Structures are given as C-alpha cells and as structure tokens.
Amino acid sequence: MQTNTTHTTMRNLLVIIVVLLLTACDSDQLETGKAKQCAESYLNALKVNNFDDAEKYYSTDDFYSEATQTRSEKIEELATSIGKVISYSLTDSAFVEIKGEPSGISLTYKVENEKINSTQIFIIQKEGSDYKIISQDVKAGE
C-alpha cells in the first residue's frame, strides 16, 4: 500500500516540476501582439511622414553603416521612392531563430503606398522591455 502512495507522490511531484519548467520557459517567450504593435507604430509614423518618430522603432544595434545618412534620412528616401503609407494589413507572422542572435518574430505586411504597393517583412526582437525592428525587407510592386 505504501509503494502506491509513494509512486503517486513521485508522479505528482514530477508533474509539478514539468509545469514549473514549462512556465519558466514560456515567460521568456516573445509576444506577437507587442511585436505587431512595434511594426504598426512604425508604419503609422510613416503614414504622417514622421521619419524621426519612425526611427525610434528600430534597434540601436542595427544602425546603417553609412556615416553620410541617418536612419531617418534612409526611411524618408524609401518613402519618397514608393510613396507615403496609405494602409497596411498583416498577412503572416512566425517565430524565427537567427543563428547567434536572440529569437525574433517575422511579420509580413501588405502595404498600400501612394506610388507603389509593397510587401514589407519585419524581423522584431525584444530589447530589454521594448520590441524593436532589427530588419526590414521591402519588396515594391507586390
């Protein structure tokens, strides 16, 4: 009779440990909603041509190497070539693993611009308590 009680207690203890481990791992996971908020705040800043505001959604670790242009100037140049953002819609999202980097979230948006519509893919990572864009791929004409 005692072996059944001991076996049940050990099984319950094992279940508790597994639940605690899963909870600990899950608390560090990225939140898609916060990543979407970052990308959409960036796109909303582009709607009103506020390039300096748009720049703050980028990671400070991923700064353009050209010393002649600031990031906001690069963002403005892109907006000039494809036009101001009119509207956008999320078409895909996925968690991504980048070798040697923290995990990220890939968000794909169909963006209606004044001149040419585009598909924009953002890779977003968590930096401290904030979510930041580390990469943006713009495919104009899609």
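The values are calculated or read from the model by the stated rules, or taken from the named source; none is laboratory data. Given the structure is predicted, the values throughout are model-derived calculations rather than measurements. Cβ coordinates were reconstructed from backbone atoms using ideal geometry, including for glycine residues, and neighbour counts include every protein chain displayed. Please note that ligands, DNA and RNA were not included when accessible areas were found on the heavy atoms of the full protein model with its side chains. Shrake-Rupley method; radii C 1.70, N 1.55, O 1.52, S 1.80 Å.
Per-structure values
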quantity	calculated
GLU112 being in a loop (DSSP other than H, G, I, E, B), among the charged types (D, E, K, R) and open to solvent by 70 Å² or more (accessible area, probe 1.4 Å)	no
The listed residue being modelled with pLDDT under 95 and in contact with a Ser or Thr (Cβ under 6 Å, 6 or more places away or on another chain), out of LYS74, LYS139	LYS139
